[in-house]
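Have a look at the structure below before the remarks.
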Amino acid sequence: MKRRLRAVCALLGAGAIVVLSLPISAAQAATTGSTQTYLVLYKDGASSQGADALVRAAGGTFVYNYQQIGVVIARSDRSDFRDRLLASSRVDSVAGTSKFAVKLNNEQLDANQAATTTIVTSDDTFDALQWDMTQIHAPEAHAITEGSRSVLVGDLDTGLDYTHPDLVANIDFANSASCEFGAPDPNPSMWQDHFGHGTHTAGTIAAAHNGIGIVGVAPNVRIAAVKTSNDDGFFFPEMVVCAFMWAANHHFNATNDSYFADPWYFNCKNDPEQRAIWQAETRAIQFAQQQGVVVVAAEGNFDDDLAHPTQDVISPDTGPGTTRTVHNDCAVIPVEVPGVIGVTATGSLGMKSYYSNYGVGVTQVAAPGGDRILQQTTDTGQGRVLSTWPSYIPCGRKVVEGGATYCWLQGTSMASPHVTGVVALIASMGITSPGAIAARINNTADPIACPTAEQLALYAPFVSVANGAPQTCAGGTGYNSWYGHGQVNALSAVS
């Protein structure tokens, strides 16, 4: 997930066309400008049938109708488009999605990262470099199961390099799609990864056990790419809604979500536009959960206590920065949607990574995400996590085997897919209920206590990006704000 995280479908018809008229008063006063994408949220219980006609009558272009949740995607350049839609008694709210944004800027772009280093090896695998897999006991779990081909995991991210030798055998092309424009497009050229982030998270989940490169947590499951961003790393609401509806209607067992949804870091329910975004994305996520999808999400890389938000200084960042007051009615999506498994990051010494967000009630478990400062080891990656990477995208620190490229990164983005992989292993045992899987993840994690005073002092330089508050840990060994129920344990989860 994003540290300076600047920055997300069902093949359903739009339904029968119902011609609806809209008031045209003040139409002469309307102006046109740049085209904006809109989420149109219908009222609870109101049908979105005929939305295409409604959108056109309001002066917009219809994109897609997610009838199962009453959310419509549209575009318009008219200044009065929102007000004209709100004239319909069935429409609850309308939100523009892309006028502000928080661009994904991952740890591979960290200015403090070492210069590009390429290591060419003739070894069969990089198992010895995968401290993260050792830390969660994945190799021992593989002696019991490497996952079932019946299990399908969705990587909701920046796409996937479908030519990568360590991924290609496990990619489910039929269930992959791009949601970049708010409607699903299954053409592989549309979900090709041009950012790198999605290929990295996918490898941690399901890189094949094939004698080359690395081995994922669940190396025998199928993985579907759902491109939930554009090529610049923005995860706009129409993309998020599309991605979760695709996952729901294509019967995914789980999704990995290593991002927060743009355009707002915190979505505040007392703001009409942000509330509409929150409601639309929550409807899509909860619909997926109702269809049996386990949703796993990274918590973020801002040293923030998500249980006690006070300020948002991150969004929007496409123009002059602003500081706004936020409270507990403001939430990060998707990690703070009910039922989502929230994941914090740990380093190679088993402590919370210096950058990782945390919070009571938000954190479920922790997993390896890497830590190049407090927990830098002597390995080649200097405490980061190694995973698959597109050969055509630069990486600050990489290793290469034959035609396959692997990159060292850190972030809660790297932690979340470890948990998603363990979810896939559990599902491979025939446990498919999201609630039962979440309970097993929690109950089999290795508890970690809050840091001692001496350990906590190490985090003093890394205060909250949002409000400058020092990092603190609340709770006991059984559950606390930093580690939740503990670090995920793949072996215990399948034993």
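The values are calculated or read from the model by the stated rules, or taken from the named source; none is laboratory data. All values derive from a computational prediction rather than experimental measurement. Ideal geometry is used to build each Cβ from the backbone, glycine not excepted, and the neighbour counts take in all protein chains shown. Heads up: the accessible areas ignore ligands, DNA and RNA and are worked out on the full protein's heavy atoms, side chains in. Shrake-Rupley method; radii C 1.70, N 1.55, O 1.52, S 1.80 Å.
Add -39500 (n - 2.57) for each DSSP H run of 4 or more in the chain, then divide by its residues: what number comes out at 222 nm, to the nearest 500 deg cm²/dmol?
When only DSSP H runs of four or more count, the value is -6000 deg cm²/dmol.
Starting from a Cα-only point model with no solvent, please compute log10 I(q)/I(0) by Debye for the stretch 310-419 at q = 0.10, 0.11, 0.18 1/Å.
-0.39, -0.47, -0.99
Suppose every K and R has +1 on its Cβ and every D and E has -1 on its Cβ; what is the size of the dipole of the stretch 132-285 about the Cα centre, in Debye to the nearest 20?
440 debye
Dipole of the stretch 345-467 (Lys/Arg Cβ +1, Asp/Glu Cβ -1, origin at the Cα centre): which of Ala457, Gly347, Gly411 lies farthest to the positive side?
Farthest towards the positive end: Gly411.
Past the 17 angstrom mark, what percentage of all C-alpha to C-alpha distances in the stretch 168-234 do you count?
42 percent
Compute the distribution of all C-alpha to C-alpha distances in the stretch 242-370, in bins of 10 Å from 0, and list the percent of pairs in each, rounded to whole numbers.
Over the stretch 242-370, the share of Cα pairs per 10 Å bin runs 13, 41, 34, 12, 0 percent.
Taking the Cα centre of the stretch 372-495 as the origin, how large is its charge dipole in debye, to the nearest 20, when only Lys and Arg (+1) and Asp and Glu (-1) carry charge on their Cβ atoms?
Rounded to the nearest 20 debye, it is 200 debye.
For the chain, what number of Lys pairs, 8 or more residues apart or on separate chains, have alpha-carbon atoms under 20 Å from each other?
Here the count comes out as 8.
What is the dipole size for the chain, taken about its Cα centre, with +1 at each Lys and Arg Cβ and -1 at each Asp and Glu Cβ, in debye to the nearest 20?
Approximately 940 debye in magnitude.
How large is log10 I(q)/I(0) at q = 0.11, 0.20, 0.24, 0.25 Å⁻¹ when the Debye formula is applied to the Cα atoms of the stretch 369-466, each weighted equally and without solvent?
Once normalised to I(0) and log-transformed, intensities are -0.53, -1.09, -1.18, -1.22.
Scale the Cα Rg of the chain by the rule-of-thumb value 2.2 N^0.38 Å and send over the ratio, two decimals.
Expressed relative to 2.2 N^0.38 Å, the Cα Rg reads 0.94.
In the stretch 137-189, what percent of the accessible surface is made up of carbon and sulfur (1.4 Å probe, ligands and nucleic acids excluded)?
On the stretch 137-189, the fraction of accessible area on carbon and sulfur atoms equals 59 percent.
What shape does the stretch 213-262 take by its C-alpha gyration tensor, where a ≥ b ≥ c are the square roots of the eigenvalues and a/c under 1.5 counts as rounded, a/b above b/c as prolate, and the rest as oblate?
It is oblate, given that a/c is not under 1.5 and a/b is not larger than b/c.
Find which of Pro186, Val362, Tyr38 sits farthest along the positive direction of the dipole of the chain, computed with +1 on the beta-carbon of Lys and Arg, -1 on that of Asp and Glu, about the Cα centre.
Positive-most Cα among the choices belongs to Tyr38.
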